[in-house]
1. Please go through the stretch 57-91 and give me each residue that is outside any loop (DSSP other than H, G, I, E, B) and charged (D, E, K, R), ordered by number.
2. Considering only the stretch 105-119, I want to know if a residue exists there that is of a type in the set (A, V, I, L, M) and in contact (Cβ under 8 Å) with a residue 24 or more places away in the chain.
3. Can you name the residue in the stretch 6-29 that is surrounded by 15 or more Cβ atoms within 10 Å (Cβ to Cβ) and assigned to a loop (DSSP other than H, G, I, E, B) and is also modelled with the lowest pLDDT among such residues?
4. Give the residues of the stretch 95-115 that are among the small types (Gly, Ala, Ser) and either under 16 Å from Leu83 (Cβ atoms) or in contact with a His (Cβ under 8 Å, 6 or more places away or on another chain) (or both), sorted by residue number.
5. Checking the condition at pLDDT below 85, not charged (D, E, K, R) and not assigned by TED's automatic domain parsing to the domain that holds Arg123, which residue from Leu64, Leu47, Leu3, Leu95 passes?
6. Inspect all residues belonging to the stretch 44-65 and state whether any of them is over 22 Å from Leu12 (Cβ atoms), among the aromatic types (Phe, Trp, Tyr) and surrounded by 13 or more Cβ atoms within 10 Å (Cβ to Cβ).
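The values are calculated or read from the model by the stated rules, or taken from the named source; none is laboratory data. Note that the coordinates shown come from a computational prediction; the quantities given were computed from them, not determined experimentally. Here Cβ is always computed from backbone atoms with ideal geometry, including for glycine, and neighbour counts include all displayed protein chains.
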Amino acid sequence: MALLLEQQFAPLSDTNEIDTKTFLESVSYLPPFFDPVKYETLQQILLIEKSTYGSEWPKVGATLALMWLKRGLRFIQILLQSLADGERDENNPNLIRINITKAYDQALKRYHGWIVQKVFKSRITVNPECELNILDNILASFSSRGVIKQEKTKDSCLKGKQIAMNLS
């Protein structure tokens, strides 16, 4: 976790509400998706959306964005932890297919319909470069927000493992 210490979340207030501005500062390396002036806490966003959208809630608006943010971050966490733990396919030790599949199965699969699940599986199985693209995109995202230094390297998998070791 050493590389992400700057993005730690502040402790909860006595009312257990999350201040929107503090939350946004903690995730400032991610794309913006809330207006901190309009809502003081994340709970306010959820409560207003619940009353606004009725039966469609929580499958709309910022609530849905928050849920997918959480799922995406969980995917990245499981992927990096799997790399740090040294999990690998003994038949293909240079590929990270097993790590990506584990992260997908645990973090995202249950939220996707069977078509998306099949597309994901086929992309990883048919195109080994796809798995490096996933890792490259994650590393580039962290790099563009100053969380890590992205160095040009042919071995994204090795770089990912080094970062995962630093995050553990």
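1. Lys70, Arg71, Arg74
2. As a first pass, look at the stretch 105-119 and keep what is of a type in the set (A, V, I, L, M): 107-108, 115-116, 119.
With in contact (Cβ under 8 Å) with a residue 24 or more places away in the chain added as a condition, the list becomes 107-108.
Yes, there is a match, as at least one residue in the stretch 105-119 is of a type in the set (A, V, I, L, M) and in contact (Cβ under 8 Å) with a residue 24 or more places away in the chain.
3. Checked the stretch 6-29; the qualifying residue modelled with the lowest pLDDT is Tyr29.
4. At the first step, the residues of the stretch 95-115 found to be among the small types (Gly, Ala, Ser) are 103, 107, 113.
Hits for the stretch 95-115 are Ala103, Ala107.
5. Leu3
6. Scanning the stretch 44-65, I find at least one residue that is over 22 Å from Leu12 (Cβ atoms), among the aromatic types (Phe, Trp, Tyr) and surrounded by 13 or more Cβ atoms within 10 Å (Cβ to Cβ), so the answer is yes.
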